[in-house]
Amino acid sequence: LASGGEDKTIKVWDLEAGRCLWSGEEHTGTVNSVAFHPLASALQLASASNDKTIKVWEIERQNACVWTAMGHEEAVLTLAYSPCGTRLASGSLDKTVRMWDISAEVVSWIGEGHDDAVTCVAYSPDGLRVATGSRDKTVAMWDVWSGERLWTGEGHEGALTAMAYKPSGDLLASASTDRTIRLWDACMQVCVKVSSPTFGGLVPG
């Protein structure tokens, strides 16, 4: 398990022993998000912080930051590795999503269009699309290679807080402060079901 917090550190924990195995201490602001590289053999994780940076770490060595990605103009709130682990998508208080090429250590593109902070990001299982959720109450879908905004999903009445793809990639789930979960058909680009905050379960969208 990896964690980040207001103490500006990232820690990796042994859950069975209940002890900290590794720590990274180079951020200068609260750590908002952490993610392990999808390949366990890579022994790498990434972190996003209020200090406007993303850091990539090697967890074989203590406090081993191997790359600091700079470019966001406000706090970085969320990040996710691509399924193959070669790219990172990040969302920020600056209302943008950025796609980073880890090996080249550069930003590939910057996605603009949200009207408020980007609070969550999720890659499609095939790695060809990345979805973003925002405080502007919308879901957006982007082409990973070109950065083109493919569609926008509206319907939530509160800020987006989390999202995840079904492993098959045909459905995307989004959660919001409006206390609902929406299921989106990623191919048809429409909401197909909405959870009911009153009765529970899912109803047709």
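Annotations
- Dipole of segment 59-109, positive end: most advanced residue of 65, 81, 96 [Cβ charges, Cα centre]: 81
- Solvent-accessible area assigned to carbon and sulfur over segment 27-185 amounts to 49 percent, based on a 1.4 Å probe.
- A 1.4 Å probe over all protein chains sorts 163, 141 by accessible area into 163, 141, starting with the largest.
- Once the Kirkwood radius over Cα pairs is known for segment 91-161, the Stokes-Einstein relation at 25 °C and 0.890 mPa s delivers a diffusion coefficient of 202 µm²/s.
- Near residue 113: Cβ cut-off under 10 Å, other residues only, Lys/Arg at +1 and Asp/Glu at -1. The net charge is -1.
- The alpha-carbon of residue 137 sits under 13 angstrom from the alpha-carbons of these aspartates and glutamates, leaving out residues fewer than 8 places away in its chain: 115, 116, 154, 157, 178.
- Between segment 9-34 and segment 68-131, the alpha-carbon centres lie 22 Å apart.
- Radius of gyration, Dmax [the chain; alpha carbons; angstrom]: 17.0, 50
- Solvent-accessible surface of the chain, averaged per residue with a 1.4 angstrom probe and all protein chains in place: 48 square angstrom.
- A quarter of the convex hull surface defined by the alpha-carbon atoms of segment 130-172 gives 3.3 nm² as the mean projection.
- Hits among lysines - C-alpha to C-alpha of residue 8 under 22 Å, sequence gap 8 or more where chains match: 52, 55
The values are calculated or read from the model by the stated rules, or taken from the named source; none is laboratory data. Because the structure is predicted, anything quoted here is derived from the model rather than measured. Neighbour counts are summed over all protein chains in view; Cβ atoms, including those assigned to glycine, are modelled from backbone coordinates with ideal geometry. Side chains included, ligands, DNA and RNA excluded: accessible areas come from the protein's heavy atoms. Shrake-Rupley method; radii C 1.70, N 1.55, O 1.52, S 1.80 Å.
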